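These notes are about the structure you will find just below.
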Amino acid sequence: MTKSEVMEKIKEILNDLFDDDFDVTESTVADDIDGWDSLAHLQVISAMESGFNIHFTLGEINNFANVGEMADSILKHLG
Amino acid sequence: MAFTSVSFVFLFLPITIILYYLLPKIAYKNILLVILSLLFYAWGDKNFIYLFIISIFVNYCFGLLFDKYKNKFINKIFVFLMIVWNFGILYYFKYLIFTVNSINSIADLTLTVPNIITPLGISFITFRAVSYCLDVFFQACSASRNPINVALYITFFPQVIMGPITKYYEFEPQINKREFSLDNFTEGIERFIIGLAKKILIADNIAPMVNTIFTMEASERTIVLAWIGALGYLIQLYFDFSGYSDMAIGIGKMLGFKTPENFNYPYMSRSAVEYWSRWHITLGTWVKDYIYVPVYRAMSNKQNIFTHEKFSVTASDTAALFLVWLFIGFWHGAGYAFLLHGMYWFFFIFLERRYDAYKKAKRKKLKIKRQALTRNEKILAHIYFIIILFFSQTLFRIADVTEWIDYSKNMIGLMGAGLLDDYAVINLIDNLVLIIAGIFFSFPIGKYIADKFKEKNQTAFIFSKYTVLLILFCFSILWVISGTNNSFIYFQF
């Protein structure tokens, strides 16, 4: 998978989860999206894990500064 | 040794800073800090220094094991042993007496109650040790090969006794790379003086009134007096604890360390959820990182044995929150009152989260965006929060459920002591300046005025700032020398 494919899928998952149609870029942060609070963050993580069939370590999930970093981490897990 | 003692301000701190900046390499500075931190701890509690050193070494070894057996099953056994070790020590010193007393009273036995003295800062030390181990276990950081680094993190004297509880992943990048600048150093001194003044001039001066009102006969406490006492305690607790945090952050800055903020005007909050993101912030983030998130994730990936479906978000959230508050309740002290205090906050946070989820679902259904609260809604939300805060913190102060019920009856007028008496008026007048100052500085009004002033005239602002700081320092030191200051409230934890 390329990074742009990962980003496309992340956008799909986020749109589906927050039931809205919004744009997602690498610099998107949680504050940009209505309803992405700390509890929703864990739902985002779970949705990414099942969507990409990966498992984040607990050390990783608090350290994403933006969606771009999450995409990098997903790419790393996908090998 | 308290930060507010003459020996600390005029001896320990200056000597530390001079030696620290004389040493050329950061590795030497780290060794110096470990030695001085152990000395600082031993000054307060020399009986437990050996146990403290052994515990650091054991946690250092756990870190190496977690790194070596990464992603292997045996690591789960090691993490279990690590938790037993750290919380076993905490349990022995803090909860064994309570357990024996409880068994005696429930089963009507006469087991001998052990005579145990609780080591200084044991709860905070446990938090740091566990943070190191779990950050390595969860792979947020790698284990340190150098035991000095682990010792520096766990013993770091500005934070060892009362926090802020810096997590290892926040501290680790600073072990070998710190920013030393004159700006940082002067900001550190400013912050230290502000903290000192908060503790000495406000918290310690309002303490006698609070003590008198809380220890008097309940039947003599009028409604107004009970509320003045509760308000006084809110002021005392905030200025005591945030004053200590300011001093810890300030000392950290003087030494080139960044320390996470522990308070952000908590009394401004409009909900229990908001309050806990503004009060003792580092405790909140600790329980979130090491209890809430792991429990939530474990639950939400598991199947319910009855329905064979994965646990819902609500179920996982509630279970994780419940454990967090059970833990916080017990962490604050061995006793039913602290347990009730934890459950009290769990109840309101649970209600608020469910109400929020309900509103979110409704918005989604009607396809409308979240709207800001109106002015009236904000006022109502603030009143709701202030009421739950008053009743919660009186329980925290009294630490006894029956006495707290009596105090609450005083507050709502069910004790028959009347609305107001001369004694309440005298207390109010005597402490009026402190109460007004306490309320004023609990909100960012002063900061707002200072920022405006700075924008208008920078030179005059700087001159006034240093004059005020100098006055605050001199007054605080005079008070310290006169020997009227109390120990910090959170020392008992």
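Any read-out appearing in this document is the output of simple, stated calculations on the displayed coordinates, not a laboratory observation. These numbers come from a predicted model, not from an experiment. Counting neighbours? That spans all protein chains shown, and the Cβs are built from the backbone with ideal geometry, glycine included.
The table below gives the values:
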item	result
Residue-wise HN-Hα coupling along the stretch B:199-208, computed from phi with Karplus coefficients 6.51, -1.76, 1.60 (Hz; x: Gly, Pro)	6, 6, 7, 9, 4, 5, 7, 8, 4, x
Cα-derived Rg to Rh of the stretch B:188-492, Kirkwood definition	1.01
³J(HN,Hα), Karplus 6.51/-1.76/1.60, whole Hz, each residue of the stretch B:73-84, x for Gly, Pro	4, 4, 4, 5, 5, 4, 5, 5, 5, 4, 5, 4
Within a Gaussian network of chain A (alpha carbon springs, distance under 10 Å), most fluctuating of A:59, A:51, A:35	A:59
Cα-based Rg / Dmax (Å) for the stretch A:3-78	11.1, 30
Over chain A: helical MRE at 222 nm, DSSP H runs n ≥ 4 each giving -39500 (n - 2.57), nearest 500	-18000 deg cm²/dmol
Relative exposure of B:61, B:133, judged by other C-beta atoms within 10 Å (fewest first)	B:61, B:133
Inter-label distance for residue B:478 and residue A:78, nm, one decimal - labels placed 7 Å from Cα along Cα-to-Cβ	6.9 nm
Whole-number D in µm²/s for the stretch B:6-177 (Stokes-Einstein; Kirkwood sum over Cα pairs; 37 °C, 0.692 mPa s)	187 µm²/s
Anchor residue B:365: lysines whose Cα lies under 23 Å away (excluding residues fewer than 8 positions away in-chain)	A:11
Gyration tensor (alpha-carbon) shape descriptor, the protein assembly as shown, a/c threshold 1.5	rounded
Backbone HN-Hα couplings from phi across the stretch B:51-56 [Karplus 6.51/-1.76/1.60, Hz, Gly and Pro as x]	4, 4, 5, 4, 4, 4
Theoretical ellipticity at 222 nm over chain B - DSSP helices of four or more residues, -39500 (n - 2.57) apiece, nearest 500	-22500 deg cm²/dmol
About the Cα centre, charge dipole magnitude for chain B (Lys/Arg +1, Asp/Glu -1 at Cβ), debye	2400 debye
Pairwise Cα inverse-distance average, inverted: Kirkwood Rh of the stretch B:298-410 (Å)	16.7 Å
If the convex hull is drawn through the Cα atoms of the stretch B:127-279, its volume per residue in Å³	141 Å³
Amide H contacts of residue B:160 (H built 1.01 Å from N, under 5 Å, at least 5 apart or other chain)	none
Value of D in µm² per second that Stokes-Einstein yields for the stretch B:394-493, Kirkwood Rh from Cα pairs, at 4 °C (1.567 mPa s)	72 µm²/s
